[in-house]
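As C-alpha cells, the structure follows; a few thoughts come after it.
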C-alpha cells in the first residue's frame with residue numbers, strides 16, 4: 001500500500017550526516033544516590049507504600065513464568081497540577097498490583113482495570129522524572145521512568161500522517177504519541193511568532209528507553225523543510241528555529257530503529273513512544289556546571305538556553321531517590337540533571353577575555369562552551385610535585401554534543417604531559433591523568449576533536465588528586481529468589497588507582513529470615529574483579545522491599561563506624577544510578 005504524503009521526507013535526506021548506523025552512548029558517571037530503607041511512599045486505593053522491613057502475604061502457589069513485566073507507561077508524560085490516567089504496558093498476571101516510587105510529591109493510584117493507574121501531581125511539583133516499580137506477591141518489575149513536565153501534555157490525534165491532518169498544538173505544550181507501525185509519521189501544527197526562538201525537544205530513546213532513532217522536521221504548508229534535527233541529545237532530535245515572521249508551520253516526527261535492520265524505510269513499533277517539548281517561551285537547555293561539589297550554592301550555577309529572561313530564579317530540586325538534582329526555571333519548559341561530587345571543589349568558569357581561567361586551589365570544577373571555530377578553553381593550575389591528578393570531562397553523558405579533547409602542558413616550556421580524546425571505545429568524554437615532577441604551573445586545555453562548536457557544546461571538567469577507590473556495580477535493579485529461596489547476585493568490582501585492599505561484600509537492609517552470606521573479594525585474582533553475593537531466605541519468609549549491597553575493607557569490616565563503605569550501584573541511565581535495589585522472596589518456595 002502506498003502512503004500518500006505532502007512532500008514525504010526522503011530516507012536519504014533524513015539519514016544525511018550520519019557516520020554510524022548504531023549509536024554508542026556516553027560513559028556512565030558514578031553518581032552518589034541516597035539510600036533510604038524507608039524510602040517507600042504511601043498512596044491510596046491499592047498502591048502500597050509504607051515503611052517496610054518485611055511484607056508477609058498468604059502463601060499462594062505461583063507459576064515461575066507468571067512475572068510482573070512493566071515495559072513502559074502511556075502516556076509517557078504527565079503535567080503538574082493534574083490527575084492523569086496512565087496505562088502501564090506489560091504483563092500483569094494478577095491485578096491489582098502495588099506500586100513503589102521515589103518521589104513524595106507524586107501519588108499513584110492503582111485502578112480496578114488491569115494496567116490502569118492514576119497519577120496525581122500538585123501544581124508546585126518539580127519537573128523531572130518519577131521512577132516507578134510495580135509488584136505483586138510473587139514478582140516485581142524493573143524501575144520505569146515517567147516524565148513530569150510543567151506544561152500541558154497533548155496527545156497526537158490519528159490520523160496525522162498528512163499536513164492537512166496535523167494535530168494542533170497551542171504553545172507551550174508537551175506533545176506525545178507513538179509511532180506504532182512502519183512508515184508512520186506524526187504531524188503537529190504550531191503557530192509561531194516572529195522574534196521568538198521556537199524549540200522542540202524529543203524525549204524517546206533517552207530517557208524513556210524507546211528503541212527508536214527519531215528525526216524531526218519543521219515544514220511549511222507545501223512540505224518544504226525549514227529545519228531538520230536528528231542526533232542532538234544522544235540519538236534524540238532537538239529542533240531550534242527563529243521565524244522571520246508570524247506564521248503557521250508543522251512539526252513532524254518519524255524514526256528508524258535504534259539498531260539498524262536490513263529494511264529501508266521508517267520504522268514503527270508499540271515501543272516507539274515519545275514526547276516533544278514545544279515552546280517559544282523560556283527554555284533551559286543545560287546548566288553549568290554539570291557536576292556540582294558538595295559546597296556548591298545556587299549562585300554557582302548558570303542556565304543556558306533560549307528566550308531566557310535577563311533576571312531569573314533558578315530552582316534546584318532533589319525530589320527523587322534515584323535521579324540527580326534538577327535545575328529548572330519555574331513555570332517554564334526545560335530542566336537539567338546536575339550530578340554531585342562527594343567532595344568540596346572550587347567552581348571555575350571559562351575566561352574568553354584574559355585567555356585563561358585560574359584555579360585558586362584543587363580540586364576544582366571548570367566549565368565552559370566551545371562557542372566558536374578553533375575554540376580552546378584554558379585553565380591554569382598549580383601542581384604539587386609527585387602528586388597524580390585526574391581531569392575528567394563531562395558532556396556527552398548529559399546529552400551535549402562536545403567530542404572533547406583534553407591536553408595538559410607545562411606553562412614554562414610548553415611540553416605536553418598528557419592528552420586524551422576518548423575515555424574508551426564508544427565513550428566520547430575524555431579523561432587524562434598527569435603528574436608533575438616538581439611544583440609547577442600547568443595548563444589544562446579543552447577543545448573539540450573535530451572543531452565542533454555551538455551554544456550547546458558545553459562541558460564541565462573535574463580536576464582532583466587521584467586517590468585509590470573502588471566501584472561496585474550490579475546488572476539489574478531487582479532480584480528474586482528461586483524455589484529454594486536462594487539468589488546469587490553477581491557484583492562487578494572495579495579497582496581504581498592502585499586500590500589493593502581485600503573487601504568484604506555483604507547486603508544491608510534485609511529483614512529477619514533472609515541472610516546474606518558475606519563474600520570476600522581478594523586483592524588479586526578473579527575475585528578481585530567480580531564476586532557472587534548469595535542471599536538465602538528461610539521457607540517461612542516472604543518479602544518485597546529494598547536493600548543494598550556494600551563493601552568494606554576486610555581489615556576494617558568490624559569497625560562499622562570507622563570503615564569506608566562502598567555501595568553497589570545499578571545504572572538506570574547515563575547519569576542516573578540507584579543504590580536502592582529490590583528483592584522479591586515469593587511465598588510457597590517449597
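Annotations
- Count - residues of the range 122-168 that are farther than 30 Å from residue 222 by Cβ and assigned to a loop (DSSP other than H, G, I, E, B): 14
- Looking across the range 104-120, the residues that are surrounded by fewer than 21 Cβ atoms within 10 Å (Cβ to Cβ), in contact (Cβ under 8 Å) with a residue 24 or more places away in the chain and outside any strand (DSSP E or B) come down to 104, 105, 111, 115.
- Of all residues in the range 288-328 being more than 23 Å from residue 348 (Cα to Cα) and touching a residue at least 24 places away in the same chain (Cβ under 8 Å), the one that is surrounded by the fewest Cβ atoms within 10 Å (Cβ to Cβ): 309
- When the criteria are applied in full, residue 87 meets the requirement of being farther than 27 Å from residue 331 by Cβ, at pLDDT 90 or above and within 25 Å of the chain's Cα centre (by Cα).
- The residues on offer are 391, 386, 345, and the sole one that is modelled with pLDDT of 95 or more and over 30 Å from residue 171 (Cα atoms) is 391.
- Matching residues, the range 331-341, being surrounded by 17 or more Cβ atoms within 10 Å (Cβ to Cβ) and farther than 23 Å from residue 443 by Cα: 332, 333, 334, 335, 336, 337, 338, 339
- Of all residues in the range 498-523 being assigned to a loop (DSSP other than H, G, I, E, B) and touching a residue at least 60 places away in the same chain (Cβ under 8 Å), the one that is nearest to the chain's Cα centre (by Cα): 509
- Per-region count, the range 425-449, residues over 20 Å from residue 394 (Cβ atoms) and out of contact with any strand residue (DSSP E or B) (no Cβ under 8 Å at 6 or more places or on another chain): 2
- Residue match in the range 149-170 (condition: in contact with a helix residue (DSSP H, G or I) (Cβ under 9 Å, 6 or more places away or on another chain) and either within 26 Å of residue 286 (Cα to Cα) or in contact (Cβ under 8 Å) with a residue 60 or more places away in the chain (or both)): no
- Matching residues in the range 206-241 - criterion: being in contact (Cβ under 8 Å) with a residue 24 or more places away in the chain and more than 30 Å from residue 575 (Cβ to Cβ): 219, 220, 221, 222, 223, 224, 225
- Among residues of the range 67-94 that are on the phi > 0 side of the Ramachandran plot, those with a beta-carbon under 6 Å from a residue that is surrounded by fewer than 19 Cβ atoms within 10 Å (Cβ to Cβ) and in a loop (DSSP other than H, G, I, E, B) at least six positions away or on a different chain give the pairs 81/123.
- Residues within the range 532-574 that are at pLDDT below 90 and under 24 Å from residue 99 (Cα atoms), tallied: 1
The values are calculated or read from the model by the stated rules, or taken from the named source; none is laboratory data. Remember, predicted model here, so these are calculated numbers, not experimental data. Note that we place each Cβ from the backbone using ideal geometry, even for glycine, and neighbour counts take in every protein chain shown.
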